[in-house]
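Contents: one structure, followed by commentary.
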Amino acid sequence: MSSRTTGSTTATRRGLLAGSAAAAGIVATSSPAAAGRRYRPRTYAKRTLLSGRDRHLVSRFSYGVTPDLAAEVRKKGGARAWFAWQLTPGKINDKAGDRTQAWWPELAQGPLTLWQNHAGGIRGGWLVMEDYQRWVMARRMQSRRQVLETMAQFWENHLNVPTNGEQWFLYRKTYGDVIRRHALGRFDELLHAAITHPAMLIYLDNATSSAAHPNENLGRELLELHTVGRGSFTESDVKDSARILTGWYVDMWKSWKASYRPDLHATGRVQVKGFTAANKSADGRAVTADYLRYLAHHPDTARRLAQKLAVKFVGDDPSPALVRRLAKVYLHHDTAIKPVLEALVDSREFRRSVGDKLRDPAEDVVATYRVLRVRLGRPRGTDSAANTMLWQAATIGAMPFSWPRPDGTPLDNATWSSTSRLLASLRTHYQMAGGWWPTQDVGYRPPKAWVPKSGMRFDQLVDHLSRELLHQPSTSVLLKACCEATNLRPGEKITHDHPLVRWSMARLLTTLLDSPEFFAR
């Protein structure tokens, strides 16, 4: 389901959102014009907003625009300057993001220790992987390097190694570290680091591939999913791709050490598309590097990566012209990722794509924590928020990197537009807005904190909360939805002793969280 190219598809998505919300008794069914005649929003402008254009860029490349993030953007001179600053994450102090790894100490253990713990029944690999998924979500919530986190998510999904606790879990955390390190670098270097990483070698059966019996799994997916794409290669290409990758080895079920084994490498001439090599040496690491560099620089790879980046950050059906332009930038800059991202955010298509991309389940949960300004504490038990937030994402539809196939989690809107997903999101929003679950090692803002001490009209409060949670002014439709959800009139005075604040603030907060503006990123 496309969301930008036709008005009907946009209407379909928003209709789904509005329709489901209306089923919960929240969103009005009248048009904006009709709502505007009776529900005129009143401004409460003490919270300075970014411009719509700046909000769009920051929202698309972060996990929720918070007041602190907006202040940081303004301090940097606007969203475009902030984005350029974010492209050099090493210069950004990120103590809050870094400290979260210590919350799950087993993530620092080596593969042999992890295996011994798993085999000895001390702690299963799937539990370690749950810790990794939680750490990823905690980083997304708290890191100041928001662009790095969004791009680490993109590449970790493109080069997917699922976090389901199978034996590659031994190297899955370091695999994520490697991708995060290269996420804003050059794709040829990222590709080499990922394809030869023990996690990928184990997952796609290359860890014990040999000259006598080359396993084609990694060689095929490298062509089909990671680089040139389906239909761009032959079965002969797959066979030679697999032969090139022989020798990259992991000592399975024993020491779990990764090494290069010349005795396992298949020598002899190889040809994959336009790449040819005599491949005479038993040490095939050089031919591997040349091969992966060739694939990373291939025009088919450039078009495929440009298409995926545009789908993730612009819309489900990007224009061929945009894809061609991004692919050209990618090749011109020797596979460097930063220039491609800069060309993307500077494009007219990106500027016009406001509201065209939906948050996936994990992005929804992270954004809810961020905009509600929930304080996430170090977990002390299974019911701690830092642990249970993973179940919140699962309830909505998917945990980070849990997609079991090598093609990665879908990037399109249709996948995340089901009624069941929407109802699960509404339930999670309501629980979080009320501070009802989770309750351990977590801090919620009290209802009074959302209302100025002096009190205000209800229509002003809706505008105030819209600026706090959605980072945009209230609308007549939103005001009407809030009035119907709380059974209050626009002009009613709201003080700290008002029944709304004492008993029903969660209903008001969740009305904003259930709006199409929050579901979009």
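Below are the figures for this structure:
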| read-out | value |
| --- | --- |
| Listed residues His496, His429, His213 arranged by accessible area, highest first, probe 1.4 Å | His213, His496, His429 |
| For the chain, with +1 on Lys and Arg beta carbons and -1 on Asp and Glu, the positive-most of Leu191, Leu372, Val314 along the dipole | Leu372 |
| Global geometry of the range 353-394, whether rounded, prolate or oblate, following the gyration tensor of its Cα atoms and the 1.5 cut on a/c | oblate |
| Trypsin sites (Lys or Arg not before Pro) restricted to the range 365-409 and DSSP loop, no more than 13 other C-beta within 10 Å | Arg380 |
| Filtered chymotrypsin sites (Phe, Trp or Tyr not before Pro), the range 191-286: DSSP coil and at most 15 other beta carbons within 10 Å | Trp253 |
| Rounded to the nearest 20 debye, dipole of the chain from Cβ charges on Lys, Arg, Asp, Glu | 2100 |
| Shape category assigned to the range 108-233 from the gyration tensor of Cα positions, a/c cut at 1.5 | oblate |
| Accessible surface, the chain, averaged per residue in Å² (probe 1.4 Å) | 40 |
| Accessible heavy-atom area order of Ser384, Ser454, highest first, probe of 1.4 Å | Ser454, Ser384 |
| Whichever lysines have a C-alpha closer than 19 Å to that of Lys75, once near sequence neighbours (fewer than 8 apart) are set aside | Lys46, Lys91 |
| Low-density loop positions, trypsin sites (Lys or Arg not before Pro), the range 430-489 - DSSP coil, at most 14 other Cβ in 10 Å | Lys453 |
| Distance violations [Cα-Cα > 22 Å] among Lys312/Lys338; Lys239/Lys308; Lys76/Lys173 | Lys239/Lys308; Lys76/Lys173 |
| Partner aspartates and glutamates for Lys453 [C-alpha distance under 14 Å; skip if fewer than 8 residues away on the same chain] | Asp497 |
| Heavy-atom accessible surface of the chain: percent carbon and sulfur, 1.4 Å | 51 |
| For the range 358-390 versus the range 399-426, the gap between their alpha-carbon centres in whole angstrom | 17 |
| Solvent exposure, largest accessible area first (probe 1.4 Å, DNA, RNA and ligands not counted), of Met137, Met399 | Met399, Met137 |
| Alpha-carbon centroid distance for the pair the range 46-100 / the range 148-166, whole angstrom | 23 |
| More than 23 Å apart - percent of Cα-Cα pairs taken over the range 237-373 | 57 |
| Heavy atoms of Val477: accessible area, 1.4 Å probe, square angstrom to 10 | 40 |
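The values are calculated or read from the model by the stated rules, or taken from the named source; none is laboratory data. Keep in mind the model is a prediction, meaning the values are calculated, not measured. Using ideal geometry, Cβ is built from the backbone for each residue, glycine included, and neighbour counts are taken over all protein chains shown. Note: accessible area is taken over every heavy atom of the protein model, side chains too, but ligands, DNA and RNA are not part of it. Shrake-Rupley method; radii C 1.70, N 1.55, O 1.52, S 1.80 Å.
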